[in-house]
Each structure stands twice: as C-alpha cells, then as structure tokens.
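Okay, so here's the structure we're looking at.
Quick note: the coordinates plus some simple rules give every number you see, no bench work behind them. Since the structure is predicted, the reported quantities are computational estimates derived from the model, not experimental observations. Cβ placement follows ideal geometry from the backbone for every residue including glycine, while neighbour counts extend to all protein chains displayed.
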Amino acid sequence: MQIFQASTLYGAATLAAALDAGQFGPAAEARRVLLLTNNAAVPEVALRMSEMTGYQEIAARFDQVEDWNEAIAPYHPGGWQPRPEDTPLWERVLRTRWGLGTGPVTLVVESIQVSPARSLAAVFAGAPVHVYADGLMSYGPTRDEPPHSVAVRVQRLLHLDLVPGLRPLLLSEFGVEPELVPDDAFRAVLSELSQAAADDAEVTRAAEAAPTALLLGQYLAALGILTAEEEEDLHVRMLRAAAAAGHRSVAFKPHPTAPMRYGEALEREAAAAGVRLTTLRGTLLAEVFYAHLSLELVVGCFSTAMLTAAAYYGIPTARVGTRTVLRQLTPYENSNRVPLVIVDHVVPDLEAGATSRLSEALPTLQPLLGAVGYCMQPVRYPWLRAGAELLLSQAAGDPGADGDGPYTAYFATERLTELDLPGGHKRRAPLLRQVLSRNRREAVSRP
C-alpha cells in the first residue's frame, strides 16, 4: 500500500510524473492512495484541489482518493499532531476508514518536518518514507528537524530540476539522497493538464487578450512576509516594469487565496499606464497559461512558477521586488530566504531593464546556497562552514564600485557577526564560541 500526500495540484503533478517514470514501481505491485490535504488557514472556504481543472487526470493514476482534513476533523492539518500514546489507535482508525488492511504501508509526503506529513509519519510508525519537493525550498536547509525516528526512515528526496544541476540541501544532514523526477515525465503531465483546460472559458478569454507578459501573485501577506498594502504595491511595480519594457497587454495570475482588491489596484494602474490588463482567476495552474498563450515574459517575486516557465517552457523570466522582500524577511532562518536568493541570483531584475533568460550566475549558485544554508542553520550543517568562509572572504575582497559585495543582500551583518564569519563585526559571545568550536569539530566528516 502506497499513500501519496498532496496539498497542491502542482505537487500532485510532480507525483504523477514520478509514477509515470516508474519511480514507485509498476502500478500492479501496490495499491495507491492519493491523500488530499488542504493547509489553508480556513480550509472550509479555500479552493479545493478536487475543484481544479486537471485534477481528474491526475487522480486517475490512483486506486482511491482520501481526504486528510475530513479524517482528522475538527483539527486543522497544519497544527494537529497525535499524542504519542494515541498513534496506535489512530493507525487502526485510518486503516479501517481507508480500507488499508493490515499490510505494510509506504508514505510519500511533502515537508516531512511539519504536519500533516509529520503526523502521518507518526501514525504509521513503521512505514518507510519518501519525501518529494514541489518548489524551491528543497534547495535550502531543513527548517524544523523531524524526530529521529522519522528521519531514519526517509528513503530519498524526489525533486524537479527547476534550477538545472542544483543539488538540494534539504534532509542532507540525515544522508538522504536527492533523486530527480525526469523532465520529460513532468513535461508530459503539464501537457496533460493543459489539454484538459483547452476549452476552459478562462483560457479562451486570456487568449483573446493576447498578453505578452504574465505577472504572478503569491499572496505574501498571508504568510506575514508583507502587509496587504505592501503586496499590492509589489504587484503595481510588476505592472509598471512590464509596461516600461514595452508590454501593452499584460495578464495577472493572483494567488487563489488573494483578496479581490488586489486586481482592483492593478486595474487602476493599468488604466493609467495605457496597458490592457487581464486578471486570471479561477482554478487553473499558471503553467496552463504558459502552454496556451504566446508569452514573451513571466514576471514574479520569487514564485516557483517563474522557474517552471524558464525550465520547462523556455519563457524568459524577470523579477520585481525580490530585494525588497529579502531585506524585510525575518527571522534569518525563514525558509523563504532560499527561493528569494535563488531568484535574485539567477533571474534578471525587470525594474533595472533586464529581460533575458536565466543569467550566467548559475555556476555560483551552489556555493552561495551552501553559505546561506550554513548561516540559516549552522548547528545542523557544520560541514558547510568552510565553504561559507571561503565565499564570504572572496566577497569581502571584492566590494564593488558601490562598496557593496556581490552577496551583500544575502547575508545580514548581525548574523555574520554571531557566526564569526567574514563580513561581520569582530566580536563573539562566550557561548557562541563554544557552539562554533563544536561545529568545527563535527565538520571533520560529513554524515
């Protein structure tokens, strides 16, 4: 029995591609359960994955579909974890509810360090675990360390090659090896989703407007990264930059949970700039529009869909506001830092007039993310310290014409000071010296 947990259609598409590529063995060898989870703040009013165009094509690959929210109601899937003494009872309940029988179970989950994946791993305590990534965060460090009893059961990390050649850091401290989901398999699934939406009214409406640029919204206010007003301003900046680059017909794809007034602010700005604006609401992934529109540019802040456009559709991408969000992001350990660094480092800045494809900075991205990952989680990744010291030493020796080094935006001076790294102030607390000394000893050999 294989249980595949998914909270987004993009993630489910990743799983479908892995299944099609044979990464979970022949279909006849195991019964496959698609377990849907809705992690929205208020799941009852949020868009359900089963309502999205293309869902049926994905679900057809599974023998049955279950709903995690319904199974644990009234608890919220993002915050609930069973008490250790209750896990045997929960396993019996779920096996009965889902008709799993008494045989072995394999779990395929996202974000193993938090619920609902962590709760599933606790309930099915003896199950091997496969983790898959549906975004850019997998390239960064593990945010919250999973229990050792869970970590030792993780078999591999499946991920898309969103940044060609870049190796994920997630779960590497446990010796978990990353495994690519083949590009061809994922492209085929995206094509399947696009075909399912070929007659969709929203696609037809968008095609009639013939936009040459697509703006991606993320609803960062919901994550507490920006205020609603700051996020509105970010979208307006995207539109202004696209207009300045010569785009007269622009589409805006807001996050499904974004408030309606986001589109209203853009409408006013578009009218002032003389740009035709088409707001794309509904149940379609951004990737569907990549396939059906003749786009010349995709603009975003740090959305995974930006890298999907570049890697799988060959559409030029550009960023707006990435540095603004980087400066405001707290704490330094925030997992959104890694997607921000990736996009800022390899995607051109539209407000600076750049509209090319991914930059030549790709070869320097791996050591940069190693240094950022160490600064985010120094105790967990002590072997990355030497690389961080080397990169920051080189950056300190190349301050640039404006006095800022090439990586200044990615490292907070206070953090470098705390970790006694180049670029920080020369002071250390006694306790920190003890931590750093232990890190250096542990870094002698990588796990």
query: Which of 63, 233 comes first, and how do the rest follow, when ranked by fewest Cβ neighbours within 10 Å?
result: 63, 233
query: Considering amide H positions built from the backbone, and no H for Pro or chain starts, which residues 5 or more places from residue 276, or on another chain, come under 5 Å of its amide H?
result: 249, 250
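Take the alpha carbon gyration tensor of region 196-355, find the square roots of its eigenvalues, order them as a ≥ b ≥ c, and report rounded if a/c is under 1.5; if not, report prolate when a/b exceeds b/c, else oblate. Spell out each step's value before the answer.
Numbers: a/c = 1.45, a/b = 1.38, b/c = 1.05.
It comes out rounded by the Cα gyration axes.
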Distance between region 106-122 and region 330-349 - C-alpha centres, whole angstrom: 25 Å
statement: Counting sequence-distant residues (5 or more places) and residues on other chains, those with an amide H built under 5 Å from that of residue 298 are 214, 317, 318
- line: For 134, 183, ascending order of other Cβ atoms within 10 Å (fewest first) is 183, 134
field: Phi-based couplings in Hz for region 306-316 (Karplus 6.51, -1.76, 1.60; Gly and Pro marked x)
entry: 5, 6, 4, 4, 6, 6, 10, 10, x, 8, x
- prompt: Cα centroids of region 29-65 and region 241-311: how far apart, whole angstrom?
  reply: 26 Å
Computed lengthening from residue 208 to residue 177, 0.36 nm per intervening residue step minus Cα-Cα distance: 6.6 nm
- request: Using label points projected 7 Å from each Cα along Cα→Cβ, tell me how many nm separate residue 60 and residue 102, to one decimal.
  value: 3.8 nm
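Sort 87-97, 109-119 by the packing proxy (mean of other Cβ within 10 Å over each peptide's residues), most packed first.
109-119, 87-97
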- prompt: Full extension from residue 386 to residue 366: what is 0.36 nm times the residue separation minus their Cα-Cα distance, to one decimal in nm?
  reply: 5.8 nm
statement: Phi angles of region 65-72, converted by Karplus (6.51 cos²θ - 1.76 cosθ + 1.60, θ = phi - 60°) into ³J(HN,Hα) in whole Hz with x for Gly and Pro, give 10, 10, 10, 5, 4, 5, 5, 10
message: Taking the number of other C-beta atoms within 10 Å as the exposure measure, put 411, 24 in order starting with the fewest.
response: 24, 411
message: Which of rounded, prolate or oblate describes the chain when judged by the alpha-carbon gyration tensor and an a/c cut-off of 1.5?
response: oblate
message: Along the Cα→Cβ direction, 7 angstrom out, place labels at residue 191 and residue 379. What is the inter-label distance in nm?
response: 5.0 nm
query: Residues with amide H under 5 Å of residue 219's amide H, sequence separation 5 or more or different chain, H placed in the peptide plane at 1.01 Å from N; which?
result: 255
message: From the helices alone, meaning DSSP H stretches of at least four residues, give me the mean residue ellipticity at 222 nm for the chain, per-run term -39500 (n - 2.57), in deg cm²/dmol to the nearest 500.
response: -11500 deg cm²/dmol
query: Relative contact order for the chain: what is it in percent, counting Cα pairs under 8 Å that are at least 6 residues apart?
result: 12 percent
query: Could the peptides 412-425, 237-250 be put in order, highest first, of the mean number of other beta-carbon atoms found within 10 Å of their residues?
result: 237-250, 412-425
field: 3J(HN,Hα) from dihedral phi, region 281-297, Karplus parametrisation 6.51/-1.76/1.60, rounded to Hz, x for glycine, proline
entry: 9, x, 10, 9, 5, 4, 4, 4, 6, 4, 6, 9, 10, 8, 7, 9, 7
statement: Among 142, 36, 96, the residue whose Cα sits farthest towards the positive end of the charge dipole of the chain, when +1 is placed on the Cβ of each Lys and Arg and -1 on the Cβ of each Asp and Glu, is 142
query: With r defined as the distance between the Cβ atoms of residue 272 and residue 426 and R0 fixed at 41 Å, what FRET efficiency is calculated, to the nearest 0.05?
result: 0.20
